[in-house]
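Have a look at the structure below before the remarks.
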Amino acid sequence: MAKALAKSSFTEVGHAPAKTFDLFPRPTAKTGLFGWITTVDHKKIGMMYGGFAILFFLIGGLEALMIRTQLIVPNNHFVSAQLYNELFTMHGTTMIFLAVMPLNAAFFNLLIPIQIGARDVAFPRLNTFSLWVWVVGAILLNVGWLSHFVPSWKFGGAPDVGWFGYAPLTSKVFTPDLSTDLWVLGIQILGLSSIVASLNFIVTIINMRAPGLTMMRLPVFTWMALVTSFLLILALPAIAIALIEVMFDRNFGTNFFEVSGGGQPILWQHLFWVFGHPEVYILILPPMGYVSEILPTFSRKPLFGYPIIVFSGVAIGFIGFGVWSHHMFTTGMGTIATAAFSIATMAIAVPTGVKIFNWIGTLWGGRIVTRTPMMFALGFIWMFMMGGMSGIMHSAAPADAQQQDSYFVIAHFHYVLIGGATFALLAAIHFWFPKFFGRLVPEFWGKLSFWIIFVGFNCTFFPMHFLGLNGMPRRTWTYDSNMGWNEGNMFATAGAYLLGVGIFTYFAVLVYTFFKGEKCGNDPWDGRTLEWSIPSPPPEHNFSAIPTVHARDAFWYEKTHKAEIAQEKAALIKAEESHGGIHMPDQSWYPFFSAVGLLIGAYNMAQLHHPVIIMGKDVLSSHMPLAITGGVMLLTSCYLWALEGPAGYHIHLDANGNPPDSHGGHY
Ligand code: HEM
Ligand SMILES: [Cu+2]
């Protein structure tokens, strides 16, 4: 302790000195487990979000295949009714919170700093914290599966209340098990991670843009990331409050949603969808950003109607907060409310339609190059449009009375979430893979995976429109053979397996490329934005000199003004060197330790109201001390984090802007 105190020192790099205190020596390992656990590098954090998200995407896909296998024939017993409830609950929850959202977060981390000309995000350690807190949420949501493999561990299975957990199903009367408490805590903690990350990106995008990068020169992807971050901050509090109320109803005898105590179950639906509908735009706006980057690059012309595309994204985000009750048309809200929400929902089709016409306008008259990312981007436009069309059908309340809770709805949101969000994400992974790994995905295999996915996807979900119109309800464990749904389900399940083969091929090709793919330079697609101006993979410090931006499509401008830019860069490198070199933030243990404390605290807190029998012994007594230990660890780590100085270190570049070798491409 004395020795550590002696080490406390004043900060450096010319800021006013501040008292700091380091309990642990600063981690400096760039590679290995400790290097990844303690990193504050946005690129590495993005990689980890991406890796975890792809893992959960595959798990969510497996859950979906089990659902489809159960439904392949009538009266099937492939899985039990209880397990079926767990499968669709976890499939939906996983695909939304643990696959699509973190994949978008991966691209936010990977791309925003290098699209705006920055070296990292505004709060690097907070960024690390948001990642590990996300991992804690993912663990709490999935730990329940263990009780299927170790029966003596009585977690009560995985959460089984559906992804939107309607009250009173979430009350102790209907789901007494721990699984629902873990669902409540898991979603709550994921919300914390998203709010922390969103604050970071808003400050980064507004404050850390390179000179000359005005808001109307910002790449559309970064714009959509900004709008999405605001949606997260504004929407998440609604579900956070609702989850606290469920937790209180389950553990402390309150009656927020308990009818017998004067509570209102419908309140949960309002609070959930005030979050839930903006949530669908939180899922789809970043993919709209990927497509807005990919289409002009492979049409060889600027994006058509840039300002309109940007403002229609803002408009979608805004109107998206005024339509939530279209999920509740059949709850008897009354004609006025129903009409108002119906009109608002139809109105949202306008800015969405504008985007689609602008994308078509970008293609129009372009010199189209159909590389794999472009195939997925074109698939996105078509499939998302189909999902949008069935969305318009839902917005007509009388029609929705037929479609609500049927397979028509399942078809609708898979066209927007797979045909839309996932297709665009698959395009984005192919588009930016060369930037982060310096290798090109082989075209033949890339396109083959696209076609298998495209055909498999439509074979799975198109028939569901008709199954739904023929009355097949969602969340149905099995069905009788005389319902007229046999062929449709058989076909849909065959399609789902084909889709599975396509997804497998897609990722197998990526793994092959990572190890054996053809090496490429920093700009394989003749890109438009700043990330293509730096080496592939990018060095730790991203830019040898913070660029000056002269136009929208900044890198296209640089490529047509080479001499001017080279001169400018040389002067900037010199100037930065004269200021002591490039200042980079230090790594830190505390974000990770805080998250570990949160996991121990939350997991044991959830069990305080559940006798937990392990190996025949009630181990409840051990949960209180553990819950307290976790809480103390979280608080202590946060304090030590606050006392840990900004410190940092410097990278020195030679006159050509090259760093000493140790800081080159570094994964
Ligand atoms: C990969 C292929 C996929 C297949 C084959 C698939 C299949 C299904 C099926 C059959 C259901 C209905 C279960 C039922 O109501 O009984 C379902 C529900 C759902 N799916 Fe998917 N899905 C896939 C991907 C996705 C993706 C990528 C997302 C989101 C990003 C997603 C989100 C959902 C949601 C939210 C539900 C509702 C769960 C609930 O009712 O609580 N799915 N899926
Ligand atoms: Cu909605």
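Counting Lys and Arg as +1 and Asp and Glu as -1 over every other residue whose Cβ lies under 15 Å from the Cβ of GLN115, the net charge comes to +1. Evaluated at q = 0.08, 0.12, 0.16 Å⁻¹, a Debye calculation over the C-alpha positions of the range 163-311 (equal weights, vacuum) places log10 I(q)/I(0) at -0.34, -0.62, -0.87. Ignoring aspartates and glutamates fewer than eight residues from LYS574 along the same chain, the ones with Cα atoms less than 14 angstrom from its Cα are ASP654.
With a sphere of radius 13 Å drawn around the Cβ of GLY92, what net charge do the other residues whose Cβ falls strictly inside it have (Lys, Arg +1; Asp, Glu -1)? Net local charge, GLY92 excluded: -2. The range 367-415 to the range 310-330: how many Å between their Cα centroids? Taking the Cα centre of the range 310-330 as reference, the centre of the range 367-415 is 16 Å away. Translational D (Stokes-Einstein, µm²/s) of the range 94-140 at 10 °C and 1.306 mPa s when Rh comes from the Kirkwood sum over C-alpha pairs? Estimated via Stokes-Einstein, D reaches 137 µm²/s.
Dividing the alpha-carbon radius of gyration of the range 334-453 by the rule-of-thumb value 2.2 N^0.38 Å gives 1.31. For the Cα trace of the range 545-598, dividing Rg by the Kirkwood Rh returns an Rg/Rh value of 1.29. Taking a straight line from the alpha carbon of LYS355, these aspartates and glutamates sit under 18 Å away, with near neighbours fewer than eight places off in the same chain left out: GLU293.
The listed peptides 514-521, 367-374, ordered by packing as a protection proxy, come out as 367-374, 514-521 (highest mean of other Cβ atoms within 10 Å first). Measuring nothing but protein heavy atoms, the accessible surface of the chain at 1.4 Å probe radius is 73 percent carbon and sulfur.
The separation of the range 138-163 from the range 257-287, counted between C-alpha centres, amounts to 24 Å. When peptides 427-435, 140-148 are sorted by average Cβ neighbour count within 10 Å, with the highest value leading, the order is 427-435, 140-148. Rounded to the nearest 500, the helix-only mean residue ellipticity at 222 nm of the chain stands at -20500 deg cm²/dmol, with each DSSP H run of n ≥ 4 adding -39,500 (n - 2.57). Equivalent-ellipsoid semi-axes for the range 405-513 (Cα gyration tensor, √(5λ), whole Å, largest first): 33, 13, 9.
A viscosity of 0.890 mPa s and a temperature of 25 °C, combined with the Kirkwood radius over C-alpha pairs in the Stokes-Einstein formula, give the range 458-585 a diffusion coefficient of 122 µm²/s.
Rolled with a 1.4 Å probe across the full set of protein chains, the surface gives MET333 an accessible area near 50 Å².
Computed over the range 178-247, relative contact order equals 55 percent, with contacts defined as Cα pairs under 8 Å that lie 6+ residues apart.
By the equivalent-ellipsoid construction on the alpha carbon gyration tensor, the range 72-124 comes out with semi-axes of 42, 10, 5 Å, ordered largest to smallest.
Across every direction, the projection of the convex hull enclosing the Cα atoms of the chain has a mean area of 31.3 nm². Summarising the overall dimensions of the range 486-535 from its C-alpha atoms, the Rg and Dmax are 18.4, 55 angstrom.
The mean accessible area for residues of the range 270-322, using a 1.4 Å probe and ignoring ligands and nucleic acids, is 24 Å² per residue.
Put simply, the C-alpha atoms of the range 280-361 give a gyration tensor, and the ellipsoid matching it has half-axes of 31, 11, 9 Å, longest first.
With the highest mean first, a sort of the peptides 81-89, 562-570 on other beta-carbon atoms found within 10 angstrom per residue produces 81-89, 562-570.
The values are calculated or read from the model by the stated rules, or taken from the named source; none is laboratory data. Fair warning: this is a prediction, and the values are worked out from it, not measured in the lab. Note that we place each Cβ from the backbone using ideal geometry, even for glycine, and neighbour counts take in every protein chain shown. Ligands, DNA and RNA are excluded from the accessible area calculation, which covers all protein heavy atoms including side chains. Shrake-Rupley method; radii C 1.70, N 1.55, O 1.52, S 1.80 Å.
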